[in-house]
Amino acid sequence: MQEVALPDVDSILISAPGKVILFGEHAVVYGKSAVAASLGLRTYAWMRPTGDQTVTLRLPDICSSAIQWDLTALSDFVTSHNVVSSCEPTSLTDNKEAAAQPLLKSIAMVPGARQASLAFLHLYTSLFKEPQGIEVCVRSALPVGAGLGSSASYSVCIAAGLLALNGYVKMPKMSNTAYDATELKLVNDWAFVSEKVIHGNPSGVDNAVSTYGGAMLYTNGKMEPLNGFKSIQFILTDTCVPKNTKAQVENVRIRRVQFGPILDPLMDSMQGISNTCKDLFGALEQSDITLSDVLTGMEELVDMNHCILAACGVSHPSLERIRQLTARYGLRSKLTGAGGGGCALTLLRDDTGVDLIEKVKSELRAESFRCFETSVGCHGVRWASLPLDSKDWMDHWKHFVENRNVDWNILSNI
């Protein structure tokens, strides 16, 4: 393990949530609405100017070694390829990507690290008026590659941090700080630029949910906040069965070709589920119903949405096992995302006892599943500067960088 420097002036910590699809998976491909919501599991980026001649990016969750660039090389790259710093979101061009390849040689064979580093480099060279020495470490409580928006939350964190370090959005003071509407839009737009570097042609849903938090209705490329949405408790269970979104989307397409008169009404029903979810929270906002009423309705929607997806052919024995185990205790579960493995959500009512939750989690873990007790609909991107004269925070920095398993409770207020 390389020696880790301690944070000094203007060290900031940014956090952004992951995302889950509550309702409407697969139907969204056919023009129907999906309900996406922020997830209580978050990604954290710790950034600090160093004053030295290197830019260091640490991604301990996917790359064991720090990634470093010499300021001279970055300055030459910026000058040679006419990179002009601006806060106006600018997509990565093919020419700039090709020119950046020599800067990525050391991580060319590390899955995930190359695109994450390229996205960081693009934002860094686009936003910094002149290259400066900084150190960045990104850690995530989100399972990587599980369809929970880990790349989007990474993109939001680096966009927010680099914008702050360059003065395009306000530098946080000593307390937890939120953005205003203009700043949020700028963060979201740059995060979308980063997502395009990583994924090519993303929908924009993941980074929007990570930026703004709460829940959104997504239909044909348009996003609409779900007014009145309240944070809801869930157990998130990772089956540890690798997902393949592309394969599952193709499976549904083939089934729809074969059984169109059956599949099309199912897609219409999924639209009805998303609409009903919207209506429930709208009624809650107007005080026409209680949160308990909403949760009762949500339980039924969870069951119906999952059963429709199973009829579309995208469930999996591991997902059905989760539903079977949780149903023993009167809990409702559904797959989230593409299916065929991946993750499931189990809805928890406010009066669900701690002992019962622990028992359910224990049984799920006994099946070799990974469980996270978390919330859906939490706040979006947040940031704070750190009490830099505090030894506790210096210890936290070393823990954050060096430990394989981070104690996320340390960062729970960010």
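Details
- Between 0 and 90°, nearest 10: helix 317-327 axis offset from the chain longest Cα axis: 70 degrees
- Within-12-Å neighbourhood charge of G40 [Cβ basis; K, R +1; D, E -1]: +1
- Shape summary: the range 232-376 maps onto an equivalent ellipsoid whose semi-axes, from the alpha-carbon gyration tensor, are 26, 23, 11 Å in decreasing order.
- Amide hydrogen proximity for C240: with H placed 1.01 Å from N in the peptide plane, the residues at 5 or more positions away or on another chain lying under 5 Å are G342, R370.
- Angle in degrees between helix 150-165 and the longest Cα principal axis of the chain, rounded to the nearest 10: 40 degrees
- Dipole of the chain computed with +1 at Lys/Arg Cβ and -1 at Asp/Glu Cβ about the Cα centre; of A181, G31, A100, farthest Cα towards the positive end is G31.
- Contact order, relative form, for the range 194-352: 30 percent (alpha carbon pairs under 8 Å, 6 or more residues apart, mean separation divided by residue count).
- Here the chain is scanned for trypsin sites (Lys or Arg not before Pro) in DSSP loops (not H, G, I, E, B) that have at most 11 other Cβ atoms within 10 Å, and the longest stretch holding none of them is 174-327.
- Helix axis angle, 391-402 relative to the chain longest principal axis, alpha carbon, degrees: 70 degrees
- With neighbours defined as other Cβ atoms within 10 Å of a residue's Cβ, the residues V249, V197 order from fewest to most as V249, V197.
- Of L71, L148, L57, the sequence from fewest to most neighbouring Cβ atoms within 10 angstrom is L71, L57, L148.
- Projected label distance in nm at Q101 and D350, using a 7 Å step from Cα toward the beta-carbon: 5.8 nm
- Cα-based shape type of the range 234-296, given that a ≥ b ≥ c are square roots of the gyration tensor eigenvalues and the cut on a/c is 1.5: oblate
- Calculated diffusion of the range 14-81, Stokes-Einstein form, Kirkwood radius summed over Cα pairs, 20 °C and 1.002 mPa s, µm²/s: 134 µm²/s
- The dipole here belongs to the range 232-376: it is taken about the Cα centre, uses +1 on the Cβ of Lys and Arg and -1 on the Cβ of Asp and Glu, and is about 780 debye.
- A full extension of the chain between T296 and N244 corresponds to an added length of 15.5 nm, given 0.36 nm per residue minus the alpha carbon distance.
- The residues L92, L345, when put in order of fewest to most other Cβ atoms within 10 Å, stand as L92, L345.
- Using the rule -39500 (n - 2.57) for each DSSP H run of four or more residues, divided by the residues of the chain, the 222 nm mean residue ellipticity is -13500 deg cm²/dmol.
- Note on the chain: Rg/Rh from C-alpha atoms, Kirkwood Rh, equals 0.98.
- Rounded to the nearest whole Hz, the Karplus-based 3J(HN,Hα) values (6.51 cos²θ - 1.76 cosθ + 1.60, θ = phi - 60°) of the range 244-252 follow the sequence 9, 4, 4, 5, 5, 4, 5, 4, 5, with x at glycine and proline.
Just so you know, all these numbers are worked out from the coordinates, no wet-lab data involved. In this text, all values refer to a predicted model and were calculated from it rather than measured experimentally. Cβ: placed from backbone, ideal geometry, glycine included. Neighbour counts: every protein chain shown.
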